[in-house]
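Trainee: Here it is: the structure, laid out below.
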Amino acid sequence: MIFLITGGAGFIGSAVVRHLIQHTNHTVINLDKLTYAGNLDSCAQVSSSSRYHFEHVDICDSKELRRVFNQHQPDVVMHLAAESHVDRSIDGPGEFIQTNIVGTYNVLETARDYWNTLDPKRKLAFRFHHISTDEVYGDLPHPDDLADPAQAAEHLFTETTAYAPSSPYSASKASSDHLVRAWHRTYGLPIVITNCSNNYGPYHFPEKLVPHIILNALAGKPLPVYGDGSQIRDWLYVEDHARALVKVATQGAVGETYNIGGHNEQRNIDVVHILCELLEELAPEQKPAGIVNYTDLITFVEDRAGHDVRYAIDASKIERELGWTPEETFETGMRKTVQWYLDNKHWWQRVLDGSYRLERLGSIQQ
């Protein structure tokens, strides 16, 4: 089949592109605007394949979208293109509204017009897969706030959890989810939706927690922890996520939503300590002068505005219906991630030579 991947030069998108080229016989059309977070180096190892094609296109450009659909004739659209960083959305929500809402509308309309031109067999087989986040659900009770902390296991996001987004980012993704469902209900467009937990792994732009901590530690910079670091996230290795996404796109039931999680709830402060321990083991010789332990660099900073206290996904539906489970544990995935950043300085050094300087974003000035 022919897969059109929007945002295929981004973190999750490039993992999907690599998986499709390396582990399937499908053709991939990688469509990306190449914003600050889009990086074709992330697709370099598969870019020479005859089954890989790149289109430098903004999803807000309807004319170019129509050209790409008509030229490449996709069988599956996997819509990953989005602004994705909560802190950045606090600083500038307008870009998130434009890309995540208006851009999704453009992709939906282009896909609908194209779908209506297909012959009955191809029309029946066509899929529009929208990739979203667990942040649309808001947050869950923290174990520390429950009479019995063990009851936290009873509070998980499911596919029927009501939406309650907290940030401009999650609100824009919730809006795009609603649009996709409306295009299915109103126009019959065959869609599937996935909502995932926090991804980590290779090729992650360093504004996000895991690469940010790794690269700050190697540079001898403070390791910023928001508030007291007690916020809990469910962590999902990006290559496990890519496998799940392809499975949903090819085997998921039309109109259904599938939550994808790693079964790895961790407090932010514990994630930082684990990363420091791995760096102590894997890169003791890279420790900056004057630093006894990487943990000496941990610095507690003002909490993020509207910070969600806990995310945790019930991923039983995708396991039960499609047979997907994560292959990486939190320990094996984090070890692979740290080692990747140690082995691929050329990739992240080029990122840091651009406009991003590992600075904090999203601080509200009163």
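Trainee: What do you get for Rg/Rh over the range 41-90 if you use C-alpha atoms and the Kirkwood form of Rh?
Mentor: Ratio value, two decimals: 1.03.
Trainee: Pick out which of Ile291, Ile59, Ile90 has the largest mean-square fluctuation in a Gaussian network model of the chain, springs linking Cα atoms closer than 10 Å.
Mentor: Maximum fluctuation in the GNM of the chain, among the listed residues, is at Ile291.
Trainee: Further question on the same structure: Given the C-alpha atoms of the range 188-296, compute the convex hull and give its volume per residue in Å³.
Mentor: 123 Å³
Trainee: Give the shape of the range 274-319 as rounded, prolate or oblate, defined through the alpha-carbon gyration tensor: a ≥ b ≥ c are the square roots of its eigenvalues, a/c under 1.5 means rounded, and otherwise the shape is prolate if a/b is larger than b/c and oblate if not.
Mentor: Oblate shape, in that a/c is at least 1.5 and b/c is the bigger or equal ratio.
Trainee: How high is the relative contact order of the range 1-130? Use alpha-carbon pairs under 8 Å, at least six apart in sequence, and give a whole percent.
Mentor: Reported as a whole number, the value is 27 percent.
Trainee: Further question on the same structure: Full-extension gain between Gln251 and His155, please, as 0.36 nm times their residue separation minus the C-alpha to C-alpha distance.
Mentor: 31.8 nm
Trainee: Longest span of the chain, sites excluded, free of GluC sites (Glu not before Pro) in DSSP loop with at most 14 other C-beta atoms within 10 Å? Show your work: numbers first, answer last.
Mentor: Numbers: sites that count: Glu302, Glu327, Glu359.
Counting only loop sites that pass the neighbour cut-off, the longest clear stretch is 1-301.
Trainee: Counting DSSP beta bridges in the chain, what percent are antiparallel, to the nearest 5?
Mentor: Of those bridges, close to 10 percent are antiparallel.
Trainee: Report relative contact order for the chain in percent, whole number only (criteria: Cα-Cα under 8 Å, sequence separation at least 6).
Mentor: The value is 18 percent.
Trainee: If you average the sequence gap of Cα pairs under 8 Å that are 6 or more apart and divide by the length of the range 55-124, what percent do you get for the contact order?
Mentor: Values: 44 pairs, mean separation 28.8, N = 70.
That works out to 41 percent.
Trainee: Related question: For a quick check, take a GNM of the chain with Cα springs below 10 Å and name the residue from Ser230, Ser316, Ser49 with the largest mean-square fluctuation.
Mentor: Ser49
Trainee: Hey, fewest Cβ within 10 Å first, where do Val107, Val292 land in order?
Mentor: The order, fewest Cβ neighbours first, is Val292, Val107.
Trainee: Nearest 10 degrees is fine. How inclined is helix 330-343 to the longest principal axis of the chain, computing both from alpha carbons?
Mentor: The answer is roughly 90 degrees.
Trainee: Taking only Cα atoms of the range 296-348, what ratio of Rg to Rh do you get with Rh as the Kirkwood inverse-distance radius?
Mentor: Radius of gyration over Kirkwood radius for the range 296-348 works out to 1.12.
Trainee: Right, next: Work out, in µm²/s and without decimals, the Stokes-Einstein translational diffusion coefficient of the range 1-85 at 4 °C, 1.567 mPa s, Rh from Kirkwood over C-alpha pairs.
Mentor: D = 103 µm²/s.
Trainee: For the range 78-193, divide the Cα radius of gyration by the Kirkwood radius and give the resulting Rg/Rh value with two decimals.
Mentor: 1.08
Trainee: Something else now. What per residue convex hull volume, in Å³, comes out for the range 1-150 when only alpha-carbon positions are used?
Mentor: Convex hull volume per residue, Cα atoms: 158 Å³.
Trainee: Now for a separate question. If we count other beta carbons within 10 Å of each Cβ, what is the order of Ile101, Ile2, fewest first?
Mentor: Working: Ile101 19, Ile2 15.
Listing Ile101, Ile2 from fewest to most nearby Cβ atoms yields Ile2, Ile101.
Read the figures in this text as sums done on the coordinates, not as results from a lab. Owing to the predicted nature of the structure, the values given are computational and were not obtained by experimental measurement. Cβ coordinates were reconstructed from backbone atoms using ideal geometry, including for glycine residues, and neighbour counts include every protein chain displayed.
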